[in-house]
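The values are calculated or read from the model by the stated rules, or taken from the named source; none is laboratory data. This structure is a prediction, so every number in the text was calculated from the model and none was measured. Here the Cβ positions follow ideal geometry from the backbone for every residue, glycine too, while neighbour counts run over all protein chains shown. Surface accessibility is based on the protein's heavy atoms, side chains included, excluding ligands, DNA and RNA. Shrake-Rupley method; radii C 1.70, N 1.55, O 1.52, S 1.80 Å.
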Amino acid sequence: MSSLTVLPWVMRPSFGNPNIPNQIILPFPKHTPETKGRFFIFGIAVPESQLLGYYGGPEHRRLYRNKVDMDKPKSFKLFSVTRLLRSITKSNVTLDLCFPKGMGPTSEALQNAVVVVTLCNTYRESYMHRPTEEQVQRLERFLACGPPDWYLDTKTADWY
């Protein structure tokens with residue numbers, strides 16, 4: 001299985017949606033025969049336990065004015081943390097399940113899938129509304145999990 005080759009991202013203000021100044025430019029990762037039919041997701045891999053740890057934390061309590069029910073199911077907590085991340089970054093982040101770095105779509109890789117805080121993906125509409133450098137840096141500082149990178153989505157393109 002080949003590893004995925006991705007170029008680093010840089011900022012170029014004149015590229016992308018003209019209504020969003022200072023968008024980062026993200027060279028697309030190269031598809032191989034094993035990755036055809038899947039989107040690549042640009043984001044930060046974060047352990048699920050770390051994301052759940054933000055639920056009920058000080059930033060979360062501020063957002064919800066201290067009305068936080070700790071007995072909610074895990075899916076509700078993750079949705080709530082997604083709203084927190086959106087308020088911090090001022091961008092439309094989502095949570096996606098992706099294959100680990102360098103692994104293609106296999107059943108073994110699917111069992112080791114990672115949660116990625118998604119900033120954008122290779123779908124045209126998402127890519128055109130990718131975040132600014134400032135939004136990316138804000139998310140990096142908050143999560144403290146390393147820089148964002150491209151990950152292969154576990155869902156196929158026809159799922160969307």
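Below, the figures for the structure above:
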{"item": "Scan of the range 119-155 for residues that are surrounded by fewer than 18 Cβ atoms within 10 Å (Cβ to Cβ), in contact with a helix residue (DSSP H, G or I) (Cβ under 8 Å, 6 or more places away or on another chain) and part of a helix (DSSP H, G or I), ordered by number", "result": "Arg138, Phe142"}
{"item": "Selected residue [under 16 Å from Ile44 (Cα atoms) and touching a Lys or Arg at 6+ places or on another chain (Cβ under 8 Å)] from Thr89, Thr122", "result": "Thr89"}
{"item": "Residues being surrounded by 12 or more Cβ atoms within 10 Å (Cβ to Cβ), modelled with pLDDT under 85 and part of a helix (DSSP H, G or I) - total across the range 50-87", "result": "5"}
{"item": "Qualifying residue in the range 91-101 (condition: open to solvent by 30 Å² or more (accessible area, probe 1.4 Å) and part of a helix (DSSP H, G or I))", "result": "no"}
{"item": "Test set (1) loosely packed, with under 13 Cβ neighbours inside 10 Å; (2) assigned to a strand (DSSP E or B) - Lys36 fails condition number", "result": "(2)"}
